[in-house]
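Every read-out reported here was derived from the displayed coordinates using simple, explicitly stated rules and does not represent laboratory data. In this text, all values refer to a predicted model and were calculated from it rather than measured experimentally. Here Cβ is always computed from backbone atoms with ideal geometry, including for glycine, and neighbour counts include all displayed protein chains.
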Amino acid sequence: MRRRLASRFIAAILLAAILGGCTTVFFQPNRVSYLTPEQAKLTYDDVTIADPYGPDLHAWWFPAQLTDEYADAPPVGEQSKGTILFLHGNAQNISSHIAGVHWLPKVGYNMLMLDYRGYGKSAGAAHLPGALQDVERALAWLDQRGELTPENKVIVYGQSLGGALSLLATARSDYRGVIDGLVTESAFSSFRGITREKLGEVKILSWFKWPLSWLITRRERPLEAIAALSPMPVLIMHGKKDVAVPAHHGEALFAAAKQPKTLWLAEDARHIEMAQQPEWRQRLLQWLADLPSNSL
């Protein structure tokens, strides 16, 4: 019953937004503070990414930290293992999504967590073209910090909507040549496709899922973007119990990608849960460790 009500609620939101002809249906931001870096026991800098041509963006910068909390992780050493740009999903803001990735700085990776425009403390209103610009602005900020060098391993990691954004933005980025790898978790393969599926979950709306989905943009296509990333290594992670974004989206992305590519499907993981399970977390860390730097 609870799942049925949730599906109806989601479909109602979709219907209202689609009838308005807007892609903001994929963006559900808020400005609530859920978890602070201090509560996660992380050292950090509060960052404002300013641009005269766009709204000020808020982000958190986490330097790699030496910690005994994850003793089973490979040792950090004196320098970081690399730098990760993390792109979160469609709801809430970075203060909620930090709960899923707080461990990455603690095992030796620098990490920038970005709130797209309209999320958290970022100014502006959320929409797809703006979010893609925001990802490029985050990469530019990392470049200004000196992080995007051939000697430093650089990874873009996106979850859910952030996975789709990571594919689209990286494929066209001016910094693509210094990005060493891309990770998606629970990403969808098509904006129209996932819209059609969600409308289909409610019987009365399922009759109209095809014509209504045509109002969603076809200009941005994650399947085309992932095919264009080669020879950049791509890792696709998806839980088979994901009901928000079913696993066939991950399989479609894998089929469209060119080598080098890797697909991991977890039998008992739901939406963006894989990196929370010790087995998959360790495999992710090993994949990152084995990732060659563009300096090689």
Where does each of Leu57, Leu35 land when they are ranked from fewest to most other beta-carbon atoms within 10 angstrom? Leu35, Leu57
How much length is gained if the chain between Gln276 and Ala255 is pulled fully straight, taking 0.36 nm per residue apart and subtracting their Cα-Cα distance, in nm to one decimal? 5.0 nm
What does the charge count near Ser160 come to, summing +1 for each Lys or Arg and -1 for each Asp or Glu among other residues with Cβ under 12 Å from its Cβ? -2
Paramagnetic reach from Gln79 (point 7 Å along Cα→Cβ, amide N under 18 Å) across the stretch 128-155: 143-155
With 10 angstrom as the radius, rank Glu185, Glu147 by how many other C-beta atoms surround their C-beta, starting from the fewest. Glu147, Glu185
Which entries of Lys121/Lys240; Lys41/Lys258; Lys106/Lys240; Lys198/Lys261; Lys81/Lys198; Lys153/Lys240 show an alpha-carbon separation above 32 angstrom in the structure shown? Lys121/Lys240; Lys41/Lys258; Lys81/Lys198
Give the order of Lys258, Lys106, Lys121 when sorted by the count of other beta carbons within 10 angstrom, beginning with the fewest. Lys258, Lys121, Lys106
Of Ser173, Val107, Asn152, which is farthest on the positive side of the dipole of the stretch 99-176, counting Cα position, with +1 on Lys and Arg Cβ, -1 on Asp and Glu Cβ, and the Cα centre as origin? Val107
With r defined as the distance between the Cβ atoms of Ser33 and Ser230 and R0 fixed at 45 Å, what FRET efficiency is calculated, to the nearest 0.05? 0.65
